[in-house]
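Worksheet: the structure to be examined is printed underneath.
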Amino acid sequence: MLPHAYALDGRVAIVTGAGSGIGRATARVLAEAGARVVCADLDGEAATATAKECDGIPAAVDVSRRAAVFALVESTAEQQGRLDILCNVAGVIRTGLVVDVPEEDLDAVMDVNFKGTFHTCQAAARIMCAQGGGAVVNTASGAVDSATPEIMSYSASKAAVVQLTKNLAAEVGRYGVRVNAVAPGLVRTAMTARHYLRPDGSVDETARAAGEKPLRRMSPLGLIGEPEDIAYAIHYLVSDAARFVTGQILRPNGGVAMPW
Ligand SMILES: NC(=O)c1ccc[n+]([C@@H]2O[C@H](COP(=O)([O-])OP(=O)(O)OC[C@H]3O[C@@H](n4cnc5c(N)ncnc54)[C@H](O)[C@@H]3O)[C@@H](O)[C@H]2O)c1
């Protein structure tokens, strides 16, 4: 009974950002639970590598390109006969003070994080509503729970993802489609390792451990997240175990923020 609620046998899933970090872990966890996973990423080689690991289907796609997103979602439903799960994990970050942020940076971040999520949600929701069910999980961020300096573009894009999640959930619930988001705390991935890169591109683990120290202190658990910590939360949200859950923002964040 309990494992059955988490089983995804026979379900078809699309995971964006599947080439790295949280998206890659999500593709692997969903596949382990039985789903057939389309591993989509801007980096086609990385998508192929993940697909090999989880016996999935690779797809090179830029989520900010609306026509390409619709083509991917529609061809997946056509070729696989259905689309049950969409996980929007692809994301980018750019830093800069609000007073300095160039408009191009704001556009670049909004185009991928917010509009990319919007395109996939719109394409998938049309199919899921017609099909009579489905589950969408979007990726927000702990950045929506605070005002961290120098990442306004990123935080604003993620706040927009939160609102999109709630609005869509309110509109498609009657068709049996659930829409939720995760708002992860700090997770060890390429996105966060960028602060600790040596000139040759390798990660300086000593610098990383030192950089993470104050962040660990902010967590009651004293933890920094691993990609699987978020993938397991996403797995729960797309599974039947979450059949009564929609429009919610789940925060796998080590307890760093505890909003109502
Ligand atoms: N790592 C963290 O601490 C953290 C915290 C909160 C939220 N997040 C969010 O989690 C998600 C995954 O982040 P991650 O840490 O695994 O990062 P990552 O950099 O390891 O992976 C991001 C993936 O997205 C892909 N991508 C980027 N632009 C794309 C596009 N236009 N189309 C398709 N794919 C694209 C990249 O190629 C990469 O494979 C992001 O949305 C990020 O904002 C991360």
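Brief remarks on what is shown
- Contacts under 6 angstrom Cβ, first residue in the stretch 53-66 being under 18 Å from residue 91 (Cα atoms), partner surrounded by fewer than 16 Cβ atoms within 10 Å (Cβ to Cβ), 6 or more apart: 60/44
- Search result, residues across the stretch 93-107 that are free of Cβ contacts under 8 Å to residues at least 24 places away in the same chain and either within 14 Å of the ligand (Cβ to nearest atom) or closer than 17 Å to residue 144 by Cα (or both): 107
- Test: residue in the stretch 39-46 that is surrounded by fewer than 15 Cβ atoms within 10 Å (Cβ to Cβ), over 23 Å from residue 249 (Cα atoms) and away from the ligand (no atom under 14 Å from the Cβ): no
- For the stretch 71-91, the tally of residues that are surrounded by 18 or more Cβ atoms within 10 Å (Cβ to Cβ) and part of a loop (DSSP other than H, G, I, E, B) stands at 5.
- Residue identified as out of contact with any Leu (no Cβ under 7 Å at 6 or more places or on another chain), assigned by TED's automatic domain parsing to the domain that holds residue 77, among the hydrophobic types (A, V, I, L, M, F, W, C) and crowded, with 21+ Cβ neighbours inside 10 Å among 170, 130, 123, 156: 123
- Verdict on residue 116 being at positive phi and in contact (Cβ under 8 Å) with a residue 40 or more places away in the chain: no
- The sole residue among 24, 28 that is in contact (Cβ under 8 Å) with a residue 24 or more places away in the chain, within 22 Å of residue 161 (Cα to Cα) and not in a loop (DSSP other than H, G, I, E, B) is 24.
- Any hit, the stretch 133-148, residues being surrounded by fewer than 16 Cβ atoms within 10 Å (Cβ to Cβ) and within 21 Å of residue 77 (Cβ to Cβ): yes
- Answer residue from the stretch 76-92, given it is polar (S, T, N, Q) and within 16 Å of the ligand (Cβ to nearest atom) and is nearest to residue 151 (Cα to Cα) among those: 88
- Some residue of the stretch 16-31 being farther than 21 Å from residue 157 by Cβ, in the same structural domain as residue 235 (by TED's automatic domain parsing), small (Gly, Ala, Ser) and surrounded by fewer than 23 Cβ atoms within 10 Å (Cβ to Cβ): yes
- Evaluating residue 161 against the criteria (1) near the ligand (Cβ under 9 Å from one of its atoms); (2) out of contact with any strand residue (DSSP E or B) (no Cβ under 7 Å at 6 or more places or on another chain) leaves one unmet condition, (2).
- Candidates 187, 136, 112, 179 - the one that is within 11 Å of the ligand (Cβ to nearest atom), of a type outside the set (Asp, Glu) and closer than 23 Å to residue 241 by Cβ: 187
The values are calculated or read from the model by the stated rules, or taken from the named source; none is laboratory data. Bear in mind the structure is a predicted one, so any value in this text is a computation, not a measurement. Cβ sites come from the backbone with ideal geometry, for glycine too, and all protein chains shown count toward neighbours.
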